[in-house]
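See below for the structure under consideration.
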Amino acid sequence: MYLFLSVFFLLYGGMHVYFFLKARAAFGFGWVAASFCALFLLAMIFAPLVVHALERLGADLFARWLSLLGYTWMGLLFLFCASSLALDGYRFFLYGAGVVFRRDFSALTLPFCPAFFASLLLSLAIGIYGYFEALSIHTEKIVIQTPKISKAIGRLRIVQISDIHLGLIVREKRLQKILTAVKAAKPDIVVSTGDLVDGQMDDLSGLAESFQDMTPPYGKYAVTGNHEFYAGLDQALDFTREAGFRILRGESLTVAGLVNIAGVDDMAGKTFGLYNEISAKEALARLPREKFTVLLKHRPLIDQNLVGLFDLQLSGHAHKGQIFPFSLITRIYYPTDQGLLRLNKNSYLYVNRGSGTWGPPIRFLSPPEITIIDLVYKRNIDLEKEVGPGK
């Protein structure tokens, strides 16, 4: 946890230094303006820590407004740095071309002040668009044809939510949009693949009750994400249970004789000494292999020792980067940061983009989603066509 915070504040502080240098190059301001600018940037760097302290003191209203300001600034700053770095790369490319061809291409670059405003306006425009994208819940659907679903039932519908991050920013209105989309899908089973709550969750009064009229016939199941541990595991688990979910921590079961579900703790639990040490392999080994097996695991990482023991792993965590171009990084780290990936031994991984937002209330080229997974009986399977998009 301390390593994560150190790396985070090092990178986040570096982004602020970069912004300050760009602003000074653009405006050439003196020490008075520089001091005011530096004070604002320092306040924004430490805003997440101040928000956490305010919430612990019970000053929820102040914490909520500061979190909205601080995390919105975080998103806009990231967009500014990304666009400004792209212009720096373009400037460097022209400089290199000038050296190679012995020509002066400087007329093709923007001066520092127009370049600063171009990056600033672009980040603001994307930020406004991204705020509304974050409010628009998309429903994604996949169909898996399998003989492991009873012919008598024909189809079993699982709806996945993930990474809602209920807390200071994601509140009643956004939760209701998510739950309305889930109920409209008429699920047989609902699963939550972690980060149902955010790292700051002292006051979630009334939010658990919103889940209680969502009563799929075969139940609701959840696993921990990293933020359940950040928020305080006991209160996070209490909230999840109050919302009507059965929490699977290294546990597995066969639901109504129809489908197997197993779930494991997020690895963040090891940092806090709270990880349930029952292995996923042990949990999966208990299950009847003739039934379709769903593994709930927060992070979209594949343990090759488990491939073949489950039919479908459902994950979240990556948010598809949440704000492009951060998705370029998540694509490198994870086998996939969204959607369906076919593995060996006829197993699959599906990664939900997240139903809410972490940090900035902004998404760009990564709309929030709930996922409908239809498990459909099919006697003779053509393995190349087993999985198809929903109609």
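The values are calculated or read from the model by the stated rules, or taken from the named source; none is laboratory data. These numbers come from a predicted model, not from an experiment. Virtual Cβ from ideal backbone geometry, glycine too; neighbours counted across all protein chains shown.
Residues in the range 231-265 that are within 26 Å of L156 (Cβ to Cβ) and either part of a loop (DSSP other than H, G, I, E, B) or among the basic types (K, R) (or both): 13 in all. Those residues that are of a type in the set (V, I, T) and more than 23 Å from the chain's Cα centre (by Cα), I need them from the range 214-273; list them, please. Matches in the range 214-273: T215, T254, V255, V259. Restricting attention to the range 31-41, the residues being aliphatic (A, V, I, L, M) and surrounded by 13 or more Cβ atoms within 10 Å (Cβ to Cβ) number 4. In this structure, does L122 turn out to be part of a helix (DSSP H, G or I) and free of Cβ contacts under 8 Å to residues at least 40 places away in the same chain? Answer is no for this residue. Restricting to the range 333-380, and then to whatever is among the aromatic types (F, W, Y) and not in a loop (DSSP other than H, G, I, E, B), can you tell me which residue is surrounded by the fewest Cβ atoms within 10 Å (Cβ to Cβ)? That would be Y333.
Checking every residue in the range 53-65 against the condition of being touching a Phe, Trp or Tyr at 6+ places or on another chain (Cβ under 8 Å), on the phi < 0 side of the Ramachandran plot and buried (at least 17 other Cβ atoms within 10 Å of the Cβ) gives at least one match. Could you check how many residues of the range 92-111 are in a helix (DSSP H, G or I) and surrounded by 15 or more Cβ atoms within 10 Å (Cβ to Cβ)? Selection size over the range 92-111: 1. Take the conditions assigned by TED's automatic domain parsing to the domain that holds A115, under 23 Å from the mean Cα position of the chain (by Cα) and aromatic (F, W, Y) and apply them to W65. Does it pass? Judged against the criteria, W65 is a match.
Name the single residue that is farthest from Y71 (Cα to Cα) among those in the range 269-324 being surrounded by fewer than 24 Cβ atoms within 10 Å (Cβ to Cβ), at pLDDT 95 or above and of a type in the set (K, R). So, considering only residues that are surrounded by fewer than 24 Cβ atoms within 10 Å (Cβ to Cβ), at pLDDT 95 or above and of a type in the set (K, R), the one farthest from Y71 (Cα to Cα) is K291. Considering each residue of the range 13-30 in turn, none proves to be exposed (fewer than 13 other Cβ atoms within 10 Å of the Cβ), of a type in the set (F, W, Y) and part of a helix (DSSP H, G or I).
When the range 185-213 is examined, which residues are found to be under 21 Å from the mean Cα position of the chain (by Cα) and under 22 Å from I142 (Cα atoms)? Within the range 185-213, V190, V191, S192, T193, G194 qualify. Of the residues in the range 86-106, not one is touching a residue at least 12 places away in the same chain (Cβ under 8 Å) and within 20 Å of R171 (Cβ to Cβ).
From the residues in the range 266-292 that are among the acidic types (D, E) and either part of a loop (DSSP other than H, G, I, E, B) or touching a strand residue (DSSP E or B) at 6+ places or on another chain (Cβ under 7 Å) (or both), which one is nearest to Q160 (Cα to Cα)? In this case the residue turns out to be D266. Exactly one residue among F132, F117 is loosely packed, with under 14 Cβ neighbours inside 10 Å, under 17 Å from Q322 (Cα atoms), at pLDDT 95 or above and under 31 Å from the mean Cα position of the chain (by Cα), and that residue is F132.
Considering only the range 212-229, how many residues are touching an Asp or Glu at 6+ places or on another chain (Cβ under 8 Å) and within 22 Å of H319 (Cβ to Cβ)? Number satisfying all stated conditions: 7. Do we find that A115 is within 30 Å of D266 (Cα to Cα) and touching a residue at least 60 places away in the same chain (Cβ under 8 Å) in this structure? Judged against the criteria, A115 is not a match. Tell me, please, whether a residue that is in contact (Cβ under 8 Å) with a residue 40 or more places away in the chain, touching a His at 6+ places or on another chain (Cβ under 6 Å) and either closer than 28 Å to R171 by Cβ or of a type in the set (A, V, I, L, M) (or both) can be found in the range 270-291. Taking every residue of the range 270-291 in turn, none turns out to be in contact (Cβ under 8 Å) with a residue 40 or more places away in the chain, touching a His at 6+ places or on another chain (Cβ under 6 Å) and either closer than 28 Å to R171 by Cβ or of a type in the set (A, V, I, L, M) (or both).
For L196, indicate whether it is in contact (Cβ under 8 Å) with a residue 60 or more places away in the chain and assigned by TED's automatic domain parsing to the domain that holds G250. The answer is no for L196.
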